[in-house]
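Enquirer: Sharing a structure below in structure tokens format, with a few things to ask.
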Amino acid sequence: MSAQPAIRQRRGFALTMALLAIVVIGAMVAGGYLAGVQYYRIGRNSLVEQRAMAATELGLDSAYAMWQKTWNTQPVGTITTLAYRASDSSWVDTVRVTKLNQLSSLIVSEGRAGGFSSSLSARRRAGMLVRLNMPRINQIGALTTRGTVNIGGSTAISGLDTTFSGWNCPTAGTGVAGVAVPSFSNLGYGGRCTAGACITGTPLVNITATASDTNTYFSYGTLKWAQLVAMADKSVSGTYPHVRPSTLNSGGTSVCNTGDNANWGDPGRANPSGPCESYFPIVYAPGDVAVNGDIGQGVLLVNGNLNIQGGFTYYGQIIARGTVKLTGTGNHVYGGIMAASVLDSTSTSQLSGNSSIHYSKCALTMAFVSSATGARAPQRSWIELF
């Protein structure tokens, strides 16, 4: 009788495989879940970072677009802070405008987005370098003209650099010529100015082809006449018997009334300073204009003939497409006058009475800097800080 072979027991194999499968499947599910959560968090964080960057760029663009001319004359190192916030407070942005030097400023914008009290938040920062788009005018004489000019009476013309107290002017420079014209035939003398005795400068009279070039009068570096006119703060015409600073009461504080067409700033430099001392408007006259008193500062552009008569003192740049006439007493210009005389080749500029023209680099620089607009630096103006 043969023995029966022993049967090998395989009890629990199926259960083990089932448990192993459950573990593997559980690990796959858990891995998939963790991966999904991770991708969700990455996407959510990327979205918050993009919102923060969008807020940062909004701050930069907003500060650049709303460039204020009052920033131009701030002391070096001055920081102006601006703030922007979404209506639902989903993002905020802080912008700081720092004056680096007379012509340059740095705009730094920091945007934040997300839950500011939780870990779900982002912060980005970027900077922009802005330079003043300042006209560069070739003022070769205190009076520069391509037309004819008659100098009479007790007129005085000085190309020596003139400075003033209260303006923070640098040391006076070498100056320019008293008068710059294409030829001696463009000059006529009378009164006490026989043979040019009323003119001072280096030289007294500059005979140069530059004075006959229209680019001297209508091209200013990167700017042209039309662009400078487009920057004008106000337009005037007719006769202005009293040009003088004016103010408004705002919440108990006296502020400069820039909306007044007869307010061309205040060169008086009182102590304490007046509200209009930092106001250097670009004033544009589309045709002929006459001014009869009192004071102003800035840049005056005349698309016609300018007639200054009796008691007007001006600090800054005057450019006329036609002629310039200073008659009567008490007319004084500190800066420079340019008369293109392109409207009528036979027109003549006239200086009489006790009028005076004094070249002043300080007055010209203040007028150009104060009236300039901000422009991105030509190279690498934008930088992402973090």
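Enquirer: Among the residues of the range 309-345, count how many are closer than 16 Å to residue 242 by Cα and of a type in the set (D, E, K, R).
Expert: Residues flagged as closer than 16 Å to residue 242 by Cα and of a type in the set (D, E, K, R) within the range 309-345 amount to 0.
Enquirer: Then there is this: Restricting to the range 261-308, what's the tally of residues that are out of contact with any Ser or Thr (no Cβ under 6 Å at 6 or more places or on another chain), under 12 Å from residue 244 (Cα atoms) and assigned to a strand (DSSP E or B)?
Expert: Going through the range 261-308 one residue at a time, the tally reaches 4.
Enquirer: Only one of 308, 383, 318 is more than 30 Å from residue 108 (Cβ to Cβ), modelled with pLDDT under 95, of a type in the set (Val, Ile, Thr) and touching a Leu at 6+ places or on another chain (Cβ under 9 Å). Can you tell me which?
Expert: 308
Enquirer: Got a sec? Which of 196, 173 is in contact with a Lys or Arg (Cβ under 8 Å, 6 or more places away or on another chain), surrounded by fewer than 20 Cβ atoms within 10 Å (Cβ to Cβ) and modelled with pLDDT under 90?
Expert: Exactly one of 196, 173 is in contact with a Lys or Arg (Cβ under 8 Å, 6 or more places away or on another chain), surrounded by fewer than 20 Cβ atoms within 10 Å (Cβ to Cβ) and modelled with pLDDT under 90, namely 173.
Conditions tested, residue by residue: (1) touching a Pro at 6+ places or on another chain (Cβ under 7 Å); (2) among the polar types (S, T, N, Q); (3) in a helix (DSSP H, G or I).
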position: 203; (1), (2), (3): no, no, no
position: 206; (1), (2), (3): no, yes, no
position: 211; (1), (2), (3): yes, no, yes
position: 216; (1), (2), (3): no, yes, yes
position: 227; (1), (2), (3): no, yes, yes
position: 232; (1), (2), (3): no, no, no
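Enquirer: What is the one condition in (1) farther than 13 Å from residue 63 by Cβ; (2) aliphatic (A, V, I, L, M); (3) buried (at least 18 other Cβ atoms within 10 Å of the Cβ) that residue 103 does not satisfy?
Expert: The number of the failed condition is (3).
Residue by residue, here is whether (1) out of contact with any Lys or Arg (no Cβ under 9 Å at 6 or more places or on another chain); (2) in contact (Cβ under 8 Å) with a residue 60 or more places away in the chain holds:
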| site | (1), (2) |
| --- | --- |
| 284 | no, no |
| 302 | no, no |
| 310 | yes, no |
| 314 | yes, no |
| 320 | yes, no |
| 326 | yes, yes |
| 334 | yes, yes |
| 340 | no, yes |
| 348 | no, yes |
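Enquirer: While we're looking at this one, here's another question. Just need a number here: residues in the range 70-100 that are under 30 Å from residue 280 (Cα atoms), touching a residue at least 24 places away in the same chain (Cβ under 8 Å) and surrounded by 13 or more Cβ atoms within 10 Å (Cβ to Cβ).
Expert: Adding up the residues that qualify gives 10.
Enquirer: Quick test for you: out of 281, 275, 286, pick the one residue that is surrounded by fewer than 22 Cβ atoms within 10 Å (Cβ to Cβ), within 23 Å of residue 135 (Cβ to Cβ) and assigned by TED's automatic domain parsing to the domain that holds residue 228.
Expert: Sole residue among the options that is surrounded by fewer than 22 Cβ atoms within 10 Å (Cβ to Cβ), within 23 Å of residue 135 (Cβ to Cβ) and assigned by TED's automatic domain parsing to the domain that holds residue 228: 286.
Enquirer: Take residue 155 and tell me if it is closer than 21 Å to residue 349 by Cβ, crowded, with 16+ Cβ neighbours inside 10 Å, touching a Cys at 6+ places or on another chain (Cβ under 8 Å) and modelled with pLDDT under 95.
Expert: Yes; evaluated as a whole, the condition is true for this residue.
Enquirer: Checking the structure you have, find out if any residue of the range 62-71 is at pLDDT below 85, assigned to a helix (DSSP H, G or I) and farther than 30 Å from residue 275 by Cβ. Break it down stepwise before answering.
Expert: Step one: filter the range 62-71 for residues at pLDDT below 85, giving 69-70.
This time we only want the ones that are assigned to a helix (DSSP H, G or I), so: 69-70.
If we keep only those that are farther than 30 Å from residue 275 by Cβ too, we end up with none.
Scanning the range 62-71 turns up no residue that is at pLDDT below 85, assigned to a helix (DSSP H, G or I) and farther than 30 Å from residue 275 by Cβ.
The values are calculated or read from the model by the stated rules, or taken from the named source; none is laboratory data. All of these numbers come straight from a predicted model, not from anything done at the bench. Every residue, glycine among them, receives a Cβ derived from its backbone with ideal geometry; neighbour counts consider all protein chains shown.
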